[in-house]
Amino acid sequence: MTGLTFQPDRTALEAVGLGVRFRRRWALRDCSFRLPAGRVCALVGPNGAGKSTLLSLAAGLRRPSEGSLTVFGGRPGAADVRPRVAYLSQDKPLYPQFTIADTLRMGRELNPGRWDQGAAERTVADGGLSSGARIGDLSGGQRTRVALALAFGKRPEVLLLDEPMADLDPLARHEMTAALMAQAAEHATTVVIASHVLAELEGACDYLLLIADGRVRLAGEVEDLLAAHTLLVGRHEGPGLPREFAMHTVVEARATGRQLTALVRADGPVAGQWRASEPSLEELLLAHLRAPDAPPLLAPSAEPRRALRAAA
Amino acid sequence: MSATTVSRTAAASVVRRPRALGITWVVRRQHRTAAWIALAVLAALCAELLWLRGAMTGYVAEHGLAVPCRPEGDCAAFTAAVDGFRLRYGDVLGYNVLLLEFLPLFAGMFVAGPVIARELESGTYKVAWTQSVSPLRWFAAKLGLPVAALLVGASVLSAVFTWSWRPVGHLDDGLLVDGTRWYEAFDALGPAPVAGVLFGAALGALTGLLVKRTLPAMAGTAFACVLLSWPLTTVRPYLVDPVTTTRSASSDYPPSLHGGDSWHYERGMTTPSGGRLPDAGCIEAAGISRCVTRHGADGWYLDSHPPAHFRRLEWAQAGLVAAAAGVCAAGALWRVRRLCP
């Protein structure tokens, strides 16, 4: 899938010094990253990290307070960008008095020349929903399916999903993830999925954007980010970190008794008696969430190019 | 994605679709139920007014009320017939007037709540704004279509009511329609309801955009409409220069405020220097002439509008209300621009 859709030269999303302020609080601050087109990106972070704010910015629903965010090089919500972006907000609002058929008709009426009725109808039919059912009578999960059908029908080039699977049962979640991946693979869609449920992202996503406290902590290919970190386990006594760690960046170190477990960004081989292994995605994310002071890490492909050009 | 579903999709995309209507289809579908109900109510009211006109003109013809009773004639039968007319049609006319007077309020509440605030409250605007239509165009359709429909409906209803009221409105010095004379039914006649609905809708749009919650927006609009109708009725007589009659204070009695078909809206005392003392409480005082002398007045004045001023007053008020609607609409537009990303 990655081989087919990887388009390293095209940029789907690019943020430079992006900030959003709500009254006194900054929801996002000084965010810079780049998301290459064709990736399936997990947008991860604790509650209130700014995930939803970032997605609504990309959807053109709000303006940044400072810095910029571009979608395919254009302003989100611009006339040539809006048709190429589909967005599913967390609360999945739909008109309750509409039937499913009405809702899909709305998608067709509001997306002239783009709408893929077949894709939308298939998504609905796969859930066993009849097109005459009223949205107001559907369960939360069924409404999510209709909202996803509306998003798929738009044939987007970027699909922004805010907690899409939160109210789906495990079976429906599995089906919808499969449908999503098929959609992304078939049309080389760039997908951004915000979630704090790590399980629903593992295996599905090839790109990662971790934000916490409104700042980017990790950005890049999942494989590269995992490879850049090493999980070290060994015996260590005494206060402070072992001396041999000094030349590496320690993200987090925890001692249980005499055993020390540390996640480090190793700069060369680590001396001493340490069992080294590559961390799992979950270990990587949890370590970064527990250690808010660890320096951020952006993979080369996630460095914003406009910032580089400006600096050059 | 099996082969069968793919071929089904291909077949579906070949099927001819109905003509694309864009955002207007969505707005029409949203308010379909409300539109049908409003249309049914409008039809029922028109039928009722049609009947009312026929019944009233029939009664007038039957009892010979078209010509006022001359003093030398037998006025007992005439008076009884007038009483009968009022008994039969007075209340019906009154309720129709009341309904038309509240039309701007209903329009405002509808625009504030179901049209605007409900979208912003439930977040459904996010769905519309993330399709291929710009928020500005969405707002334009969202407000334009219902407001146009409301204006058409108000015009029809006002025209039919005015048409029903007119054959009896000025008969016998307005005696038949006492309580719904032209200056009492002012807001239900001619262009007044249409201008009122335009204002109500603009106010509703502004309130909905500011409050963003359905019920508070509706309540706020209703409250503001009632509140603003008070200054309107206060300034109404001053929109057109009145006919002023004066009377010397030597004739003991002040001129009557009961003017029949003429609207006597203000009386007071005049001073020798030409100044005016609007009602100084002398009317109720025991010795009117003594009271007049005490205030240093030497005469009475009465400001009134004869029926001939009706049309000019109606259009002057409609202009004023439309200007107020313009102010609200400008506020709503400013708000829309603030809300649009």
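The values are calculated or read from the model by the stated rules, or taken from the named source; none is laboratory data. Since the model is a prediction, treat every value here as computed from it, not as a measurement. Positions of Cβ are backbone-derived with ideal geometry, glycine not excepted, and every protein chain shown enters the neighbour counts.
When you scan the range A:243-251, do you find a residue that is in contact with a strand residue (DSSP E or B) (Cβ under 6 Å, 6 or more places away or on another chain), closer than 28 Å to A:ALA12 by Cα and not basic (Lys, Arg), even just one? Checking the range A:243-251: not a single residue is in contact with a strand residue (DSSP E or B) (Cβ under 6 Å, 6 or more places away or on another chain), closer than 28 Å to A:ALA12 by Cα and not basic (Lys, Arg). All told, A:LEU168 falls short of being over 30 Å from A:SER301 (Cα atoms), crowded, with 17+ Cβ neighbours inside 10 Å and over 23 Å from the mean Cα position of the chain (by Cα). For the range B:165-179, a residue qualifies if it is assigned to a helix (DSSP H, G or I), in contact with a Phe, Trp or Tyr (Cβ under 9 Å, 6 or more places away or on another chain) and within 18 Å of B:LEU50 (Cα to Cα), and the qualifying residues are B:TRP165, B:VAL168, B:GLY169. A:GLY203 - would you say it is within 16 Å of the chain's Cα centre (by Cα) and either surrounded by fewer than 20 Cβ atoms within 10 Å (Cβ to Cβ) or not assigned by TED's automatic domain parsing to the domain that holds A:ARG114 (or both)? When the stated conditions are applied, A:GLY203 passes them.
All of (1) in a loop (DSSP other than H, G, I, E, B); (2) buried (at least 23 other Cβ atoms within 10 Å of the Cβ); (3) of a type outside the set (Val, Ile, Thr); (4) modelled with pLDDT of 90 or more hold for A:ARG63 with one exception: (2). Residues that are over 30 Å from the mean Cα position of the chain (by Cα) and exposed (fewer than 12 other Cβ atoms within 10 Å of the Cβ) number at least 1 in the following strands (runs of 3 or more DSSP E) confined to the range A:230-309: A:249-256, A:259-265, A:275-277.
Within the range B:289-313, residues that are free of Cβ contacts under 8 Å to residues at least 24 places away in the same chain have Cβ atoms under 6 Å from residues that are of a type in the set (A, V, I, L, M, F, W, C) in these pairs: B:CYS291/B:CYS282; B:CYS291/B:ALA285, counting only partners at least 6 apart in sequence or on another chain. A:GLY127 fulfils the conditions (1) out of contact with any strand residue (DSSP E or B) (no Cβ under 9 Å at 6 or more places or on another chain); (2) without any contact (Cβ under 8 Å) to a residue 40 or more places away in the chain; (3) surrounded by fewer than 22 Cβ atoms within 10 Å (Cβ to Cβ) except for a single criterion, (2). Scanning the range B:247-281 for residues that are over 26 Å from B:GLY179 (Cβ atoms) and loosely packed, with under 12 Cβ neighbours inside 10 Å yields B:SER248, B:SER250, B:SER251, B:ASP252, B:PRO272, B:SER273, B:GLY274, B:GLY275, B:GLY281. Of the residues screened, A:ALA302 is one that is closer than 28 Å to A:THR70 by Cα, of a type outside the set (S, T, N, Q) and at pLDDT 90 or above. Considering each residue of the range B:142-158 in turn, none proves to be within 14 Å of another protein chain (Cβ to nearest Cβ), farther than 30 Å from B:VAL92 by Cβ and in a loop (DSSP other than H, G, I, E, B).
Just to verify a result, which residue in the range A:66-83, among those that are buried (at least 19 other Cβ atoms within 10 Å of the Cβ) and more than 9 Å from chain B (Cβ to nearest Cβ), is farthest from the chain's Cα centre (by Cα)? Filtering first and then ranking leaves A:VAL81. Scan the range A:2-25 and tell me whether some residue there is modelled with pLDDT under 95, hydrophobic (A, V, I, L, M, F, W, C) and assigned to a loop (DSSP other than H, G, I, E, B). Checked against the condition, which is being modelled with pLDDT under 95, hydrophobic (A, V, I, L, M, F, W, C) and assigned to a loop (DSSP other than H, G, I, E, B), the range A:2-25 yields at least one hit. Of all the residues in the range A:95-123, those that are assigned to a loop (DSSP other than H, G, I, E, B) and polar (S, T, N, Q) number 2.
Go through the residues of the range A:175-182 one by one and say whether even a single one is at the interface with another protein chain (Cβ under 8 Å from one of its Cβ atoms) and without any contact (Cβ under 8 Å) to a residue 12 or more places away in the chain. Looking through the range A:175-182, at least one residue is at the interface with another protein chain (Cβ under 8 Å from one of its Cβ atoms) and without any contact (Cβ under 8 Å) to a residue 12 or more places away in the chain.
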